[in-house]
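Worksheet for the structure shown next.
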Amino acid sequence: MSFPLTLHVSGRRVVVVGGGLVATRRATALLRAGADVVVVSPEVSDTLAASIGRNDIEWLARSYDDGDLDGAWLVQTATGDPGVDARVAAEAERRQIWCLKGGDPDASTAWAPAVARVDDVTVAVSGGGDAGRAAALRDAVAAALQSGDLPLRHRTHHPEGFVALVGGGPGDADLLTTRGRRLLAQADVVVTDRLGPVSVLEELAPDVEVVDVGKMPDHHPVPQDEINRILVDRARRGLVVVRLKGGDPYVFGRGGEELQACEAAGVRVEVVPGVTSAIGVAAAAGIPVTHRGVAQGFSVVTGHEALGELPSRASHTIVLLMGVRRLADTAAQLIAAGHEPTTPAAVIERGCTPHQRVTTATLDRIAAEAAAVGVGAPAITVIGDVVALSPHWR
């Protein structure tokens, strides 16, 4: 039977006997851990030679001799010569030095697990001498941690609370980034709004605090100053706080204001970009916001306010985020500013979800068509010749 243990090798002498692939891999890992590495081998791989040249590794360019383990805390033998490896292991046994015996785990007194690091979590898997099995298991666990499928929360509070401004993407929770998922798996508090991928909230542990600060058009029950205060307050308590937003936090998401509030309060903050609905929802409706020979650029504007000056050619795509109730006024503004009334337009509701619906018409008719079918928020509007590329264009 073995006893799992992690060794603190920083500043301690570790001897690696051999210069091939296994020795190279082990020497590199030991160097990263801060060990004083000594390599004993007449020849070493090019990779190990380069590492020796860049780092303070002692290289004894000769065969192994008795006494090479003087002062060592640990030895890795990987010469490929069973006789030499046995001599090293025998000396290590006499000197009571732990020995990793390459290719012969049954004769070893120590085993190195397959290791992966995800954020501040270290995954170490021992395969009972089967290095391939250990590596496969390690990779599977690391992938589950990276995707947020396994819990990453600290059971005692994080030593330093912080805020993550996470863009939830354009709709479906599957479009949330891997980094966003991983932060949600760590979160003590999630501050969310109605446009985020709220289905992921069902995956949270029951003791995660969920603060709903959702805004509706002309109705903001939780003012932005209060949202900022909540973020700062929870982080100062030593909690991991995720501010979950729809789309991207910097595209009409007031993420910049929340970042400034955290920085002003001395709170560490991370921004995790998301796929903005301006591009993602349009793409889900079969509309590329740019297309060779059709549109060379695009503008993204909020539909809640009067429009500023915009290019009036149909080869420049305009994407309106929100603003369904002002669509008739917005269309009239655009036509008055020089847009052709016959410019193709589309309204996409609940984009990138199973309930997505696309309504198309020319610019002078889009508001009436949208009203006729009862278009409602959340929705974006795309205006320009690229709309005619969509299979929904009639």
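Among residues other than R313 whose Cβ falls under 11 Å from its Cβ, what is the net charge (Lys/Arg +1, Asp/Glu -1)?
Spelling it out: positives minus negatives among the neighbours equals -2.
Could you let me know the centre-to-centre spacing of segment 360-394 and segment 148-209, using Cα atoms, in angstrom?
Segment 360-394 and segment 148-209 have Cα centres spaced 34 Å from each other.
Over segment 289-350, what relative contact order in percent results from Cα pairs under 8 Å that are six or more residues apart?
Result for segment 289-350 is 31 percent.
Measuring from centroid to centroid over Cα atoms, what is the spacing of segment 44-102 and segment 229-262 in Å?
After rounding, the separation between the Cα centres reads 52 Å.
In whole Hz, what ³J(HN,Hα) sequence does segment 294-300 give by Karplus (6.51, -1.76, 1.60; θ = phi - 60°), x for Gly and Pro?
10, 9, 9, x, 8, 10, 10
Indicate, rounded to the nearest 5 percent, the antiparallel portion of the DSSP beta bridges found entirely in the chain.
35 percent
Shape of the chain from its Cα gyration tensor (a ≥ b ≥ c, root eigenvalues): rounded if a/c is under 1.5, otherwise prolate when a/b > b/c, or oblate?
Prolate, because a/c is 1.5 or more and a/b exceeds b/c.
Which whole-number percentage describes the relative contact order of segment 172-264, with Cα contacts under 8 Å and a sequence gap of 6 or more?
Across segment 172-264, relative contact order equals 33 percent.
Let me check against my output: what whole-number percent is the relative contact order of the chain, with C-alpha pairs under 8 Å and at least 6 apart?
Answer for the chain is 10 percent.
With a 10 Å Cβ neighbour count serving as the proxy for reagent exposure, in which order, fewest first, do H355, H339, H304, H316 appear?
In order of increasing Cβ crowding within 10 Å: H355, H304, H316, H339.
Only counting other Cβ atoms within 10 Å, I'd like D36, D85, D56 sorted with the fewest neighbours first.
The fewest-first ordering by Cβ neighbours comes to D56, D36, D85.
Can you give me the angle between helix 255-264 and the longest principal axis of the chain, using Cα atoms only, in degrees from 0 to 90, rounded to the nearest 10?
Once rounded, the angle reads 50 degrees.
Can you work out the Karplus-derived ³J(HN,Hα) for every residue in segment 271-276? Use 6.51 cos²θ - 1.76 cosθ + 1.60 with θ = phi - 60°, whole Hz, and x for glycine or proline.
10, 10, x, x, 6, 5
If one takes the longest principal axis of the Cα atoms in the chain, at what angle in degrees, from 0 to 90 and to the nearest 10, does the Cα axis of helix 131-146 lie?
Rounded to the nearest ten degrees, it is 30.
First measure r as the distance between the Cβ atoms of H304 and R237, then evaluate 1/(1 + (r/R0)^6) with R0 = 35 Å and state the FRET efficiency to the nearest 0.05.
According to the calculation, E is roughly 0.55.
If we sort 317-324, 162-169, 221-228 on the protection proxy, mean other Cβ atoms within 10 Å, highest first, what's the order?
The packing order, highest mean first, is 162-169, 317-324, 221-228.
State whether segment 173-256 is rounded, prolate or oblate according to the following rule on the C-alpha gyration tensor (a ≥ b ≥ c being the square roots of its eigenvalues): a/c under 1.5 gives rounded; otherwise a/b larger than b/c gives prolate, and the remaining case gives oblate.
Oblate, because a/c is 1.5 or more while a/b does not exceed b/c.
Where a number appears in this text, it was derived from the coordinates with a stated rule and is not lab data. Remember, it's a predicted structure, so these values are computed and weren't measured experimentally. A quick note on method: Cβ atoms are made from the backbone with ideal geometry, for glycine too, and the neighbour counts reach across all protein chains shown.
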